[in-house]
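Taken together, the values in this text are just the output of simple stated rules run on the coordinates, not laboratory data. Every value quoted in this text rests on a predicted model; they were computed, and no experiment measured them. Neighbour counts are summed over all protein chains in view; Cβ atoms, including those assigned to glycine, are modelled from backbone coordinates with ideal geometry.
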Amino acid sequence: MKNVSLSLLMAAAMSCSALAATPGEALKKPTVVLVHGAFADGSAWNKVIPLLEAKGLDVIAVQDPLTTLSDDVATTRRALARVKGPIVLVGHSYGGAVITEAGANNDNVKALVYVAAFAPSVGETVSDLNKNYPVASGFNHIEADDGGYLKLTREGVAKHLAQDVSADQAALMYATQKPTNGAIFGEKITDAAWEKKPSWYIVSLQDHMLNTDLQKAMAKKIHANVTTLDASHAPHISQPDAVANVILDAVNTLK
């Protein structure tokens, strides 16, 4: 009986030890924070989020106001401040400028993922990055209101922002797009997170909104791990599995 009792006690102790280790292990898993681009909101990540959560990751999709770069950075920083533990910070399009600034001077941000995104240097604006490259065809389909807020036309969404998604998906993107203050593209970055943190970059080869050669140049500048997709400017919607895999690659390097 003594031997049986001892065996049971040892088994119970090992079980308790395993249970005690579980929360600690969970805390070590990075949280993925997703930042949308212009003409969109956090729902743009709806196809990627379930793929990341299926791997046991916590995910936050930031809802930036698209009013000023400083407002968007502040909103993103508030989201980052809620996370306890390591973070993989992801930005699409203009969201790349936001994560470049917001991810700096935050020790929890361990990696950056740029999805067909702008990666400015200190003192640069999004407009500066575009100066030396042909104007993307999608910019011919942007309308401005009297307050300087921009929206893509229905054709702009369907044929230039996301020409590789279904007609129903494109219609949804058009209907839910968030007006973007055009002034955000002229605001300078004051700190660049990619200077000190490892980066990943997804280049979209069929991009009508952000010149592909510019994407490649920015990826090279920030010394990113590069993945090239035959996709539109919205690979997170047209090829969510591929985008999720790149994010998971960044996550796995932190383990």
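Descriptive notes on the structure:
- Helix runs (DSSP H) in the chain reaching 20 Å along axis by Cα, Kyte-Doolittle at least 1.0: none
- Partners for Lys216 among lysines (Cα-Cα distance below 17 Å; same-chain residues under 8 apart left out): Lys131
- Whole-Hz Karplus values for the stretch 150-160 come out as 10, 9, 7, 5, 4, 5, x, 5, 6, 10, 9 Hz, taken residue by residue from phi with 6.51 cos²θ - 1.76 cosθ + 1.60 and θ = phi - 60°; glycine and proline positions read x.
- Extending 7 Å from Cα along the Cβ direction at Asp145 and again at Asn132 yields two label points whose distance is 3.7 nm.
- Only helical runs count toward this figure. For the chain, summing -39,500 (n - 2.57) over DSSP H runs of n ≥ 4 and dividing by all residues gives -11000 deg cm²/dmol at 222 nm.
- Under 5 Å from the amide H of Thr228 lie the amide H atoms of Val203, each residue being 5 or more positions distant or on a separate chain, with H modelled from the backbone and absent for Pro and chain starts.
- Listed by chain and number, the lysines placed with their C-alpha closer than 23 angstrom to that of Lys255 are Lys28, Lys29, Lys55, Lys84, Lys110, Lys196, Lys197; residues fewer than eight positions away on the same chain are left out.
- Segment Val122..Glu155, full-extension length gain: 8.4 nm, with 0.36 nm per residue of separation and the alpha-carbon distance subtracted.
- Rounded D (µm²/s) - the stretch 111-255, Kirkwood Rh over Cα pairs, Stokes-Einstein at 10 °C, 1.306 mPa s: 99 µm²/s
- Extension reserve of the Arg78-Thr228 stretch, reckoned as 0.36 nm per residue once the Cα distance is removed: 50.9 nm
- Trypsin sites (Lys or Arg not before Pro) within the stretch 144-246: DSSP coil, no more than 16 neighbouring Cβ in 10 Å: Lys188, Lys196
- With 0.36 nm allotted per residue and the present C-alpha distance subtracted, the Ala217-Asp168 stretch has 14.3 nm of extension available.
- Gyration tensor verdict on the stretch 160-207 (Cα atoms; rounded if a/c is under 1.5, prolate if a/b is larger than b/c, oblate otherwise): oblate
- Listed candidates (i) 39, 19, 16; (ii) 44, 21, 17; (iii) 27, 22, 18 - label of the one calculated as semi-axes √(5λ) of the Cα gyration tensor in Å: (i)
- Under 17 Å from Lys47, Cα to Cα: aspartates and glutamates that are on another chain or at least 8 residues apart: Asp58, Asp164, Asp168, Asp241
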